[in-house]
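Take a look at the structure set out below.
The values are calculated or read from the model by the stated rules, or taken from the named source; none is laboratory data. Everything numeric in this text was worked out from a predicted model, so none of it was measured. Methodologically, a virtual Cβ is constructed for each residue, glycine included, from the backbone with ideal geometry; neighbour enumeration extends over all protein chains shown.
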Amino acid sequence: MRGIFPTLLAIGFGLFVLLLVWSLLNRGAKARRASLGDGAIEESAAEFIEKHGDGADNEAAKLAAACLAIGDFEGEAIWKQVSKAIAKQQAKKAKST
């Protein structure tokens, strides 16, 4: 029973450090989303649709998840933008046919 306080203190400190590191890594995520212009995003989406067809948005989402898994927040943000642009382009194409 005597050792529970230091253990809880250590766990609390560990969680604090973890949140601090996460906030530093994720700082400025909104600014990073604008790192590519809209033209580049739209062009990437069109190329991805040509390459992957109807599953292009799923492939882009997988790449976003892979970037997040390795801590590449900028890459994740860009792939999410590409995935959204793919969905828009596919919806526009479906609407016109």
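A few notes on this one:
- Scope segment 65-96; condition closer than 19 Å to residue 21 by Cα, more than 9 Å from the chain's Cα centre (by Cα) and touching a residue at least 40 places away in the same chain (Cβ under 8 Å); matching residues: 71
- Only one of 56, 10, 91, 66 that is modelled with pLDDT of 80 or more, surrounded by 15 or more Cβ atoms within 10 Å (Cβ to Cβ) and of a type outside the set (D, E, K, R): 56
- When segment 63-81 is filtered for residues that are part of a helix (DSSP H, G or I) and of a type in the set (A, V, I, L, M, F, W, C), the ones remaining, listed by number, are 63, 64, 65, 66, 67, 68, 69, 73, 77, 78, 79.
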